[in-house]
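The values are calculated or read from the model by the stated rules, or taken from the named source; none is laboratory data. Predicted model only: the values in this text are computed from it and were never measured. Please note: Cβ atoms are built from the backbone with ideal geometry, for glycine as well, and neighbour counts cover all protein chains shown. The protein model used for the area step is the full one, side chains on, heavy atoms only, and it has no ligands, DNA or RNA in it. Shrake-Rupley method; radii C 1.70, N 1.55, O 1.52, S 1.80 Å.
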Amino acid sequence: MKASRMWWVPTLALLVVATTAGAQQPPQAPDDPLARALFPPELVMQHQQDIGLRPEQRATITKAIQDFQSKVVDLQWRMQEQSQRLASLLEKPAIDQVAALTQVDEVLGVEREVKRAHISLLINIKNTLSAEQQARLAAARGAGVR
């Protein structure tokens, strides 16, 4: 039983970290339509002078990032709680499959919220930028500049 717990705790912690890391980093696959269409905050920050980012745009993007980070912290707490509940169900000698799968749905629901918040942040960033600024960022990204 203890060995089982030792295996699940790091696995579930990794799930939380992976979800959070995924929330903070944009999709990177070159053929990923989301990565092509949206701009991560890091790219905007790196090229703010190149694209002529105005102070009010910077303020809007900063606020969106802060709101996102605040929301993700809350979601991390919820993810940890739901993951611990799942671990407790899975540690039993006989697992109640219905309860375990219901709890998996809870964990995945929180993960979905993290991903949705991330996409919302990226949309807010793109909507803050002019078409010209977006084109400059796309060119910088296409040139392999990160």
*So what is the accessible area of the range 44-136 per residue, in Å², with the probe set to 1.4 Å?*
63
*Given a Förster radius of 41 Å and the C-beta distance between Q66 and A135 as r, what FRET efficiency does 1/(1 + (r/R0)^6) yield to the nearest 0.05?*
0.95
*What accessible surface, in Å², does a 1.4 Å probe find on T62, ignoring ligands, DNA and RNA and rounding to the nearest 10?*
60
